[in-house]
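Below is one structure, written out as structure tokens, with a few remarks after it.
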Amino acid sequence: MLAVTRKAKIKEIISEKKSVVVSELAEMFSVTEETIRRDLKAFEDEGFLTRTYGGAFIQDGVQNEVELSVRETAYTDSKQLIAEKCAEIVHNGDSIFLDASTTALFIAKAICNMRITVVTNSLKVINLLAEYSNIHLIIIGGLFAPNNMSFIGRGALQALDNYYVDKTFMSCRSLSMEHGITDSNESMSEIRRKLLTRSSKVYVVADYSKFDKTSFLNICDFNDICGIITDKHLNRNWLDFLSEHSVVYYECGTKQQ
């Protein structure tokens, strides 16, 4: 296959699937992973996609769910900063919920030495916190979704009815002043909507890349949450908007009302 044909096909795949894995593309086109990395680098230089370790993704379109292996290696510095800020909000004795986002795993690492109760539907968070005797770990079961390493569905939703937590830290796919807080995965959206009724305070954790975008499914409006934790300074329009909706804005290193 000619290089130009391969690149066109890769672009078509990314446009449809929203994310790709280097090893899978290399096998698909019978070329080396280095060749695929060069192709993806060229697309990144064009501004078409964002590369991560082992893959790439785009955020165009409302149906923009990204594979877990790609999400895990995207914006890791941002997620670390967000997790450190979340740890400042959590106090010994708190009960918190961590969702099945990749950011939640960073938060779990940041709070693992605290004496708190953690409720979660994330298998990765469960595996991480299971060895810490200071963590009172409550697992939300249900249907296991291997694509997100999480427990979802009716069983998970019913299990959530048994608990009420002080603070929920939940992610999303996109945030828009016009369309609210949105997601691209229906099962994850159901869990996050449920958490709005099972938490004293709900914090949305979102890196800078998620702002001013809209995804397929509505989670909630800004009036439904108490705070947003992000990694970079928001512009004046966003600051005014959040203030109007009584949402506390936490930027890593600072806190603004």
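The values are calculated or read from the model by the stated rules, or taken from the named source; none is laboratory data. Note that this is a predicted model, so its numbers are computed, not measured. Because the Cβ atoms are built from the backbone with ideal geometry, glycine has one as well, and the counts that use them run over all protein chains shown.
If you go through segment 97-117 one residue at a time, do you hit one that is assigned to a strand (DSSP E or B), closer than 26 Å to I139 by Cα, at pLDDT 95 or above and among the polar types (S, T, N, Q)?
Within segment 97-117 (the criterion being assigned to a strand (DSSP E or B), closer than 26 Å to I139 by Cα, at pLDDT 95 or above and among the polar types (S, T, N, Q)), the answer is yes, since at least one residue qualifies.
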Exercise. Right, V165: assigned by TED's automatic domain parsing to the domain that holds K124, at pLDDT 95 or above, farther than 19 Å from A100 by Cβ and aliphatic (A, V, I, L, M) or not?
Worked result: no
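Provide a single number: the residues in segment 128-176 that are at negative phi and outside any loop (DSSP other than H, G, I, E, B).
Narrowing segment 128-176 to residues at negative phi: 128-141, 143-148, 150-152, 154-176.
Next, only the ones that are outside any loop (DSSP other than H, G, I, E, B) stay: 128-129, 136-139, 143-145, 150-152, 154-160, 165-170, 174-176.
Residues meeting the conditions: 28.
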For this session: Looking for whichever is out of contact with any strand residue (DSSP E or B) (no Cβ under 8 Å at 6 or more places or on another chain) and either loosely packed, with under 15 Cβ neighbours inside 10 Å or at pLDDT 85 or above (or both) here; the options are E44, E27. Which one fits?
Result: E27
Seminar exercise, completed: Note: among V165, V90, V118, just one is over 23 Å from F57 (Cα atoms), in contact with a Leu (Cβ under 6 Å, 6 or more places away or on another chain) and surrounded by 16 or more Cβ atoms within 10 Å (Cβ to Cβ), namely V118
Problem set entry | Members of segment 219-244 that are exposed (fewer than 15 other Cβ atoms within 10 Å of the Cβ), outside any helix (DSSP H, G or I) and at pLDDT 95 or above | D221
Seminar exercise, completed: Scanning segment 177-217 for residues that are part of a loop (DSSP other than H, G, I, E, B), of a type in the set (D, E, K, R) and either surrounded by fewer than 16 Cβ atoms within 10 Å (Cβ to Cβ) or not assigned by TED's automatic domain parsing to the domain that holds L105 (or both) gives E178, D212
